[in-house]
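The block underneath contains the structure these notes are about, expressed in structure tokens.
Only the coordinates and a few stated rules stand behind these numbers; no lab work does. Owing to the predicted nature of the structure, the values given are computational and were not obtained by experimental measurement. Counting neighbours? That spans all protein chains shown, and the Cβs are built from the backbone with ideal geometry, glycine included.
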Amino acid sequence: MSTPTFTVSVIDFKELFYRDFTYLSTWENFLIYNIDDNVYYHLTNQAYICKNNGVTSFPTEITDWDVDINGIKERVLDRDIEKAFKEADILYNTDYLSNDEERKLAYLYLTAHYLVFDMNMEGVDDDGQAGVLASKSVRDVSLSYTLGQWASNTPVYSLLMKTAYGQKYLSLIYTKAQFSRFFMINEGYTI
């Protein structure tokens with residue numbers, strides 16, 4: 001496997017998946033917060049909601065902040081994304097795709113797969129068993145995934161089949177691999 005030549009950040013992840021996850025920003029001591037701003041404070045491992053405008057105090061200051069009863073469960077923290085980056089680094093192979101834009105997109109989908117898998121938010125039944133997502137619909141848009149039995153029979157690929165993001169990652173690398181298998185471009189000249 002090859003090491004990625006592109007750079008990727010938490011901001012890149014949030015920009016691509018801006019509609020997919022509920023993010024919770026980490027409290028920063030140099031920022032100003034306003035009413036209803038939500039933050040995660042690492043020293044208490046809790047989420048807080050700002051009660052006033054122009055707040056610069058620590059989230060533990062009860063005159064400016066309330067503990068968010070929704071907590072951090074089912075919200076994505078920067079450190080969750082960073083953990084998923086580390087997991088994606090283990091499996092990711094740059095050889096499947098031909099340019100950095102494609103590689104970055106595939107890497108971000110692989111990262112999203114690990115994030116969802118880690119957070120147990122999709123494809124998990126009451127017994128905690130993840131299943132293959134065959135299709136998903138939102139309003140008038142539907143998406144179906146059929147990669148074939150080959151993916152289900154391969155241990156690594158079958159793990160990727162357990163989230164829509166893993167399936168999307170597989171479709172990106174599989175489509176490119178299949179396309180390049182049928183078409184070969186060679187440079188040459190005629191004498």
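Some observations on this one:
- Per-residue Cβ neighbour rank within 10 angstrom, fewest leading, MET161, MET119: MET119, MET161
- Over 18 Å apart at the Cα level, from the set LYS73/LYS162; LYS14/LYS86; LYS83/LYS168, are LYS73/LYS162; LYS83/LYS168.
- Most to least packed among 107-117, 37-47, 52-62 [average Cβ atoms within 10 Å]: 107-117, 37-47, 52-62
- Sparsely packed loop sites in the stretch 15-101 (the trypsin sites (Lys or Arg not before Pro) outside DSSP H, G, I, E and B with at most 15 other Cβ atoms within 10 Å) comprise ARG19, LYS73.
- Charge tally in the Cβ shell below 11 Å around LYS14, where Lys, Arg are +1 and Asp, Glu are -1, LYS14 excluded: -3
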